[in-house]
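Only the coordinates and a few stated rules stand behind these numbers; no lab work does. In this text the structure is predicted, and so the values were computed from the model without any measurement. Using ideal geometry, Cβ is built from the backbone for each residue, glycine included, and neighbour counts are taken over all protein chains shown.
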Amino acid sequence: MSRLGEICDYRVGATQGELPREALLAGVCDADGLVCLLTDTIDREVIEAGSKLRVIANVAVGYNNIDVAAAHERGIFVTNTPGVLTEATADLTWALILAVTRRVVESDAFLRAGKFTGWDFDMLLGSGLTGKTLGVVGYGRIGRAVARRATGFGMAVIYCGRDDIAYRDDPQHNTLTVTRQAATGPLTQSARIDGLAARRVTFNQLLEHSDIISLHVPLAATTKHLINSAAFAKMKSSAYLINTARGPVIDEAALVRALQQGRIAGAALDVFEHEPAVTTPLLEMSNVILLPHIGSATRETRTAMAMLAVENAIDALTGRNPRNPVVP
Ligand code: DGY
C-alpha cells in the first residue's frame, strides 16, 4: 500500500475475503489501474466498466480469472507474478506427495482418535518413493522446481511440456517424441535435460509410467479436464495424483469414480474444480488429502507476490512496459 501511495491514490476494495461483484464494478469505474486477486472475476463486463483502466495486475501467476483478450482489445496491460512463488509452490507439492504416500494426515487422525495403542509392524503402511517415477505435467518454472526436488528422493522424472499436452492427440507429434527417446535409451533411464535428470515423454506415456503424477499447467481450453476418465484408465492402480495448479484441470467427478473403483491409489489436492466447494465424496476418503489453495502461502512469498503486482501496476501507470506482462 505504501509503495502504491508513492505514485497514486488508491482505494482498497475488501480488506478480507472476496470483493462483492457490485463493489468491483463500481470501484473500477474511475480507476486507472486494478490490482486484483485470483478470486476476482475480471470479465468483459468489468473491463468495459473500467473505461480508464491501463493495467490489471493479478496477484497470482495464474490469470484464468481475467478475460485477457478483452483487456488487450482495449489496450489494457494484464500482468501476473511469475517466479516469486515457484519454490513455495514446489515445496507444498512435495509436502502433499510425502503426506499422501506416507499417510501422514490419516496417521495423525488415527493417533488423535486414541487408536495408537501400541507399535505394530503392519500399521499404516505407505508407499516408498525411492526408485519410483515422478511424472510432471507442465514443465515451466514450478514443474521444474518440483522435478529438481525429486532427485533428492531418488526418483526418476518424466515430464510433458506445453506442446506435448496441446498436441497430445496428434500421432505425428507423439511419434516425434518417441523417435527422440529411441536415441537416449529406455524410458526408465533418465536423461539430463536442463541440468536435471528428466525425460520428456508423450502425455500417454506419462500417464502409463508414473507412480506420482503432479500437475503444473495453467488452466486453459487445452488443459480443462486434462485428467478425465480416459486419463485415469491409463494410470497405474498404484499411482497418486497431485494437483497444486488449478482445480478444473481435473474432472473431479471422474476423480471420485477413479478413487472409488481403486483405479488409482490416492490423490492430494490444493485446488478444486468448483473452488471453494469440494466434491463431497472426497471429504470422506482417507487416501485423499485436501488443502485450501495454500500453494504459495508463506509470508515471504505472499509479500513478494503483492510487491511484484504493485510494481507491475506502477510500471504501467508511469508509462513503462510492465515487467511481467501476460502475452496473448
Ligand atoms: C497462483 O499464483 O496462481 C496461485 O494459485 C496462488 O498463489
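With 0.36 nm allotted per residue and the present C-alpha distance subtracted, the Leu98-Ser51 stretch has 12.1 nm of extension available. Taking amide H positions as modeled 1.01 Å from N, with prolines and chain starts lacking one, the residues under 5 Å from Val61 and 5 or more places away or on another chain are Thr81. Here the simple spin-label model places points 7 Å from the Cα toward Cβ, and for Met307 and Ser229 these points are separated by 5.0 nm. By the count of neighbouring beta-carbon atoms within 10 Å, fewest first, Tyr63, Tyr159, Tyr10 end up ordered Tyr10, Tyr63, Tyr159.
For a modelled paramagnetic label at Ala297, 7 Å from Cα along Cα-to-Cβ, the residues of the stretch 80-108 in reach, with backbone nitrogen under 18 Å, are 85-100, 105-106. Relative to the Cα centre, the charge distribution of the chain, modelled as +1 at Lys and Arg Cβ and -1 at Asp and Glu Cβ, gives a dipole magnitude of about 1020 debye. Electrostatic bookkeeping for Arg263 treats Lys and Arg as +1 and Asp and Glu as -1; over the other residues with beta carbon under 11 Å from its beta carbon, the sum is +3.
Relative protection proxy for 202-208, 54-60, 17-23, from highest mean packing down: 54-60, 202-208, 17-23 (other beta-carbon atoms within 10 angstrom). The residues Thr303, Thr15, when put in order of fewest to most other Cβ atoms within 10 Å, stand as Thr15, Thr303. If R0 is taken as 25 Å, the Cβ-Cβ distance between Asn321 and Ala69 corresponds to a FRET efficiency of 0.85.
Across the stretch 94-111, rounded Karplus estimates of 3J(HN,Hα) from the backbone phi angles (6.51 cos²θ - 1.76 cosθ + 1.60, θ = phi - 60°) give 5, 4, 5, 4, 5, 5, 6, 6, 9, 6, 5, 5, 4, 5, 4, 5, 4, 5 Hz, Gly and Pro being marked x.
Multiply the residue gap between Ala221 and Thr280 by 0.36 nm, knock off their C-alpha separation, and tell me the result in nm, one decimal place. Here the segment from Ala221 to Thr280 would lengthen by 18.7 nm. Here the gap between Cys8 and Thr175, fully extended at 0.36 nm per residue and compared with their Cα-Cα distance, gives a gain of 54.7 nm.
Summarising the label geometry, the points placed 7 Å from Cα in the beta-carbon direction at Ala26 and Ser107 lie 5.3 nm from one another.
Using the Cβ-Cβ distance between Leu37 and Met123 with R0 set to 35 Å, the FRET efficiency works out to roughly 0.25. Residues Met305, Met155, Met123, Met285, ranked from the fewest to the most other C-beta atoms within 10 Å, line up as Met123, Met285, Met155, Met305.
For the stretch 86-290, the residue among His274, Val256, Gly152 whose Cα projects farthest onto the positive side of the dipole built from Cβ charges is Gly152.
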